[in-house]
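Asks: Quick one: the structure is below, questions incoming.
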Amino acid sequence: MIRVPKMKRHLLAVCAAALLIVADGTALAQTAAPALPRPLPPIPETQDIAYPGVIDVAVDATDVQRRVISVRQTIPVAAAGPMTLLYPAWIPGHHGPVGPMRNIAGLVITADGQRLDWLRDTVDTFAFHIDVPAGARSIQVEFQWLTPIDDSTQRTVFTDEIVNVQWEKALLYPAGYSHRRMMFRPTLKLPEGWGYGVAMPTTATEDGWIRFDPITLEHLGDSPVFAGMHYRMVDLDPGGRSPVRLHIVADKPESLNASDEQIQLLRNLVTQADRLYHARHFDHYDMLLALTDRLGGIGLEHHRSSENSADPAFFTNWGGLRGDRELLPHEYNHSWSGKFRRPADQLVNNFNTPLQNSLLWVYEGNDQYYGLVLAARSGLLSKEDALASLASAAAAYDNNPGNAWRALQDTTNDPIYTQRRPQAWPSYQRSEDYYRQGQMIWLEADTLIREQTNGRKSLDDFARAFFGMDDGVWDPKPFEFAEIVSALNGVMPYDWAAFLRERLDGVGPTAIEPLSWIARSGYRLVYDDKLPEFQKTLNSEYGRNDFTYSLGFMASNANRITGVQWGGLAWQAGLTKGWDIIAIGDRAPTPEGLREAVTAAKDSTDPIVLTLKRGDRVRTVSFDYHGGLRYPRLERVPGTPDRLGDILAPRAR
């Protein structure tokens, strides 16, 4: 059990004086107590003790038309007096304080039919203070979760055909207790006829209410629901040691039509994960997959399940859609990496204790690596597709101007303070680079081990020792930096601490060291006009046109500039995202026309001339560029070991 440090109590709430001093030393004012109907009590510190009684939570998700989810809770109480209820803020897997408090309305708390006044904490605004009256044995809590109508401000979780119930967004819980020692008894009501998937067994259905066994708050938050009008369940491990199931919901029934060959690829994923780790850390696993363009996009890991969404034609246009092929392997692999083996600073005692993200380059970076590896080993991606994905990641790293000033380690803080909001200049600001650049570090480690041991050892040996320990145990096992170093040394003695810290903390030229894996793996990174089929499919799927490594921008199919590379030609011309291309020379714009213009300029001294419009402003920009289209790809070096091919090949045992 992790020891929780003492919570800093809110100085504002207890009227602690703080002098505001100006330059001449004059005290201007004192910070006053908030103007509230009664003083704010302290929020109880979290203790490792069991909560007295089981909390009932009933979630009604039948209001399809208004997208409203109604919640009713009965919370046993042991004594009269002050009580604090918390709404979850730090949602696991989001890596930041993103609990959707602003969507909660209609909060009413009663005891024996008597309405109780609640008071929101003015510093921790996810906390509600009440006074439990004498003689009350329980309180009732009611509120509505007003789910977003569209994705303009937050992710949509409710449509005419699908609902995604995330329990931690539909409950309050008493402060002062670990979520591992607090039991909930959940029930759920869905629209009539809808099927559902969830990582909890159904114990009964009565009057339309689905009932589940009591479960800890920690595991309840780890057990989301995908439900829908169009539903299918597929067994991905028939006769296996512990059930692994795929639950599909969709906008339209035809999206459910996965072929036998496609299902076999997903079964291969389960097999290849077993052969990688030689262990399972779940009693059952439920992949939840929404095939939709109406529900908000998601890829969120849990210990015994995952929430995933993909294009409605994920199965029915298999060859034309490849952008979601890594999603299920990535989230499934998280059951080992990030959930069973969890960074110690992520294993907190409740959903309102701040998480720290210092080891996300393991939690997400290693998972990004093995998610791709498992996608290739299972056949969800071909070797060529996996190489194209790695080439894209390597090129982004090789051309990232943010490396010059900001260390990769610092990007692990991004989800906390940016909360995944759009950035003006992502190539310079850097964002959550611990995913793909973390992937590069683990790939470098793998190729280094293979090279130094003449192929006798690999990162798979680390994965089996570090993530595959304690087969059958699924209580989280925390880790710290030193244990990673020790496990790597157990595979191959090396100065792994220096290796990792140099790549995590380096800025400037040292920040691109992890690309040494390319030569070591038997390839070279090249740029030419040959766009890999994988990237061509992705660009078509996402409606994007990539001129990043030529003119220095990305454009949409509607000819709008959607991103500008810091320091590139478009940046030098003063362009930003948001400009519309209205002419290419004297021709109307099309993405293909722009590619033709860039190609033609290779054999000409004439500049590429674009006319652009933003709002009521029109300008003309000339690019004196003659390098042609440039796309990254990995080119095989003849006569060298194909270590990357070995990494991506399926395992026989």
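Asks: Beyond 20 Å, what percent of the Cα pairs of the stretch 512-640 remain? Please list the in-between numbers first.
Replies: Details: 3980 of 8256 pairs.
Beyond 20 Å sits 48 percent of the P(r) for the stretch 512-640.
Asks: Heavy-atom accessible area of HIS278 with all protein chains present, probe 1.4 Å, nearest 10 Å²?
Replies: So the heavy atoms of HIS278 present about 100 Å² to solvent.
Asks: Can you give me the accessible area per residue for the stretch 523-624, using a 1.4 Å probe, in Å²?
Replies: Numbers: 5170 Å² over 102 residues.
So the stretch 523-624 comes to 51 Å² accessible per residue, rounded to a whole number.
Asks: Mind jotting down a quarter of the surface of the convex hull over the alpha carbons of the stretch 64-139, in square nanometres, one decimal? Don't skip to the answer; put the middle values down first.
Replies: Details: hull surface 26.7 nm².
So the mean shadow area of the Cα hull is 6.7 nm².
Asks: Okay, next question. Label ASP624 and SER138 with points 7 Å out from Cα along Cα→Cβ: what is the distance between them in nm?
Replies: 7.9
Asks: Right, here's the next one. Summarise the accessible area of the stretch 547-640 (1.4 Å probe, protein heavy atoms) by the percent that is carbon and sulfur.
Replies: Carbon and sulfur: 50 percent of the exposed surface of the stretch 547-640.
Asks: Among the listed pairs LYS530/LYS613; LYS189/LYS252; LYS383/LYS602, which have their C-alpha atoms separated by more than 27 angstrom in this model?
Replies: On the way: LYS530/LYS613 30 Å; LYS189/LYS252 22 Å; LYS383/LYS602 32 Å.
Checking Cα-Cα distances, LYS530/LYS613; LYS383/LYS602 exceed 27 Å.
Asks: Now for a separate question. At a 1.4 Å probe radius, which order do TRP571, TRP442, TRP194 fall into by accessible area, largest first? Before the final figure, lay out each step's value.
Replies: On the way: TRP571 95, TRP442 0, TRP194 30 Å².
Accessible-area ranking of TRP571, TRP442, TRP194, largest first: TRP571, TRP194, TRP442.
Asks: Quick one: work out Rg over Rh on the C-alpha atoms of the stretch 399-511, Rh as Kirkwood radius.
Replies: Working: Rg = 16.3 Å, Rh = 15.9 Å.
Ratio of gyration radius to Kirkwood radius for the stretch 399-511: 1.03.
Asks: Suppose the chain between GLU261 and ARG294 were pulled fully straight at 0.36 nm per residue; how much longer would it get relative to their current alpha carbon spacing? Intermediate values should be presented prior to the final figure.
Replies: Values: separation 33, 0.36 × 33 = 11.88 nm, distance 2.70 nm.
Between GLU261 and ARG294, full extension yields an extra 9.2 nm.
Asks: Would you work out what percent of the accessible area of the stretch 233-368, with all protein chains in place, is carbon or sulfur (probe 1.4 Å)? Walk me through the intermediate numbers first.
Replies: Working: 1680 of 3720 Å².
The nonpolar share, carbon plus sulfur, comes to 45 percent.
Asks: Can you give me the solvent accessible area of ASP207 with a 1.4 Å probe, rounded to the nearest 10 Å²?
Replies: 130
Asks: Going by Cα centres, the stretch 286-332 and the stretch 597-653 are how many Å apart?
Replies: 29
Asks: Arrange the residues ASP260, ASP345, ASP446 by how much accessible surface each exposes, largest first, with a 1.4 angstrom probe.
Replies: Values: ASP260 120, ASP345 30, ASP446 0 Å².
Ranking ASP260, ASP345, ASP446 by accessible area, largest first, yields ASP260, ASP345, ASP446.
Asks: Exactly which trypsin sites (Lys or Arg not before Pro) in the stretch 120-180 are in a DSSP loop and have at most 12 other Cβ atoms within 10 Å?
Replies: Working: sites: ARG120, ARG137, ARG155, LYS169, ARG180; in loops: ARG137, ARG155.
Loop-located and lightly packed - ARG137.
Asks: Now a separate question. Could you provide, to the nearest whole Å², the per residue accessible area of the stretch 216-334 with probe 1.4 Å? Please report the intermediate quantities before stating the final value.
Replies: Working: 3580 Å² over 119 residues.
Computed with neighbouring chains in place, this is 30 Å² per residue.
Asks: Just to confirm my numbers, what's the Cα centroid distance between the stretch 487-552 and the stretch 197-234 in Å?
Replies: Distance between centres, Cα-based: 41 Å.
Asks: Once you have the Kirkwood Rh of the chain from its Cα pairs, apply Stokes-Einstein at 20 °C and 1.002 mPa s and quote D in µm²/s.
Replies: Details: Rh = 27.2 Å.
Answer from the Stokes-Einstein relation: 79 µm²/s.
Asks: With θ set to phi - 60° and the Karplus curve 6.51 cos²θ - 1.76 cosθ + 1.60, what are the ³J(HN,Hα) couplings of the stretch 434-442 in order, to the nearest whole Hz, using x for Gly and Pro?
Replies: 5, 5, 7, 7, x, 4, 4, 4, 6
Asks: Same structure, new question: How would you rank 429-438, 264-273, highest first, on the average number of other Cβ atoms within 10 Å across their residues?
Replies: Working: 429-438: 22.4, 264-273: 19.7.
In descending order of packing, they fall as 429-438, 264-273.
Asks: Sort largest first and round to whole Å: the equivalent ellipsoid semi-axes of the stretch 182-228, each the square root of five times a Cα gyration tensor eigenvalue.
Replies: 19, 12, 7
Asks: Could you sort TYR494, TYR196 by accessible area so the largest value comes first, with the probe set to 1.4 Å?
Replies: Values: TYR494 105, TYR196 55 Å².
Putting TYR494, TYR196 in descending order of accessible area: TYR494, TYR196.
Asks: Any idea what log10 I(q)/I(0) is at q = 0.15, 0.16, 0.18, 0.21 Å⁻¹ for the stretch 233-376, Debye with uniform C-alpha scatterers and no solvent?
Replies: -0.77, -0.87, -1.07, -1.36
Asks: Of all the accessible heavy-atom surface of the stretch 27-161, with the other protein chains kept in place and a 1.4 Å probe, what percent is carbon and sulfur?
Replies: Carbon and sulfur: 52 percent of the exposed surface of the stretch 27-161.
Asks: Quick one: if the Förster radius is 22 Å, what FRET efficiency do ASP528 and THR562 give, using the C-beta to C-beta distance and rounding to 0.05?
Replies: On the way: r = 24 Å, r/R0 = 1.07.
Efficiency at R0 = 22 Å is approximately 0.40.
Asks: Another question, if that's okay. When the Karplus curve 6.51 cos²θ - 1.76 cosθ + 1.60 is applied with θ = phi - 60°, which whole-Hz ³J(HN,Hα) does each residue of the stretch 464-479 get, with x for Gly and Pro?
Replies: So the Karplus estimates, Gly and Pro as x, are 5, 6, 8, 9, x, 5, 6, 3, x, 8, 10, 6, x, 10, x, 9 Hz.
Asks: A further question on this structure: For the stretch 351-463, what is the largest minus smallest coordinate of the Cα atoms on each principal axis, given in angstrom and ordered from greatest to least?
Replies: Computed over the stretch 351-463, the largest-to-smallest principal extents equal 42, 33, 29 Å.
Asks: Then there's this: Two decimals is fine: what's Rg over Rh for the stretch 465-580, C-alpha atoms, Kirkwood radius as Rh? List each step's numbers first, then the result.
Replies: Numbers: Rg = 21.2 Å, Rh = 18.7 Å.
Result for the stretch 465-580 is an Rg/Rh of 1.13.
Asks: Follow-up. Share of Cα-Cα pairs in the stretch 182-272 beyond 17 Å, in percent?
Replies: In whole percent, the long-distance tail amounts to 59.
Asks: Sticking with the crude label model, points 7 Å out along Cα→Cβ, report the distance from THR153 to THR640 in nm, one decimal please.
Replies: About 5.3 nm, to one decimal.
Asks: For the stretch 87-126, what is the accessible area per residue in Å² when the probe is 1.4 Å? Mind dumping the intermediate values first?
Replies: Values: 1720 Å² over 40 residues.
That works out to 43 Å² for each residue.
Asks: I'd like to know how the stretch 511-561 sits against the 2.2 N^0.38 Å rule of thumb: what's its Cα Rg over that expected value? Could the numbers behind the result be given before it?
Replies: Working: Rg = 14.1 Å, N = 51, 2.2 N^0.38 = 9.8 Å.
Working it through for the stretch 511-561, the quotient is 1.44.
Asks: P(r) of the stretch 556-604 in 10 Å steps, Cα pairs, percent per bin?
Replies: It works out to 24, 51, 25, 0, in whole percents.
The values are calculated or read from the model by the stated rules, or taken from the named source; none is laboratory data. It should be emphasised that the depicted structure is a prediction, and the values quoted were computed from it without experimental measurement. FYI the Cβ positions are ideal-geometry reconstructions off the backbone, even for glycines, and counts take in every protein chain you see. Just so you know, the surface numbers come from the protein's heavy atoms only, side chains and all, with ligands and any DNA or RNA stripped out. Shrake-Rupley method; radii C 1.70, N 1.55, O 1.52, S 1.80 Å.
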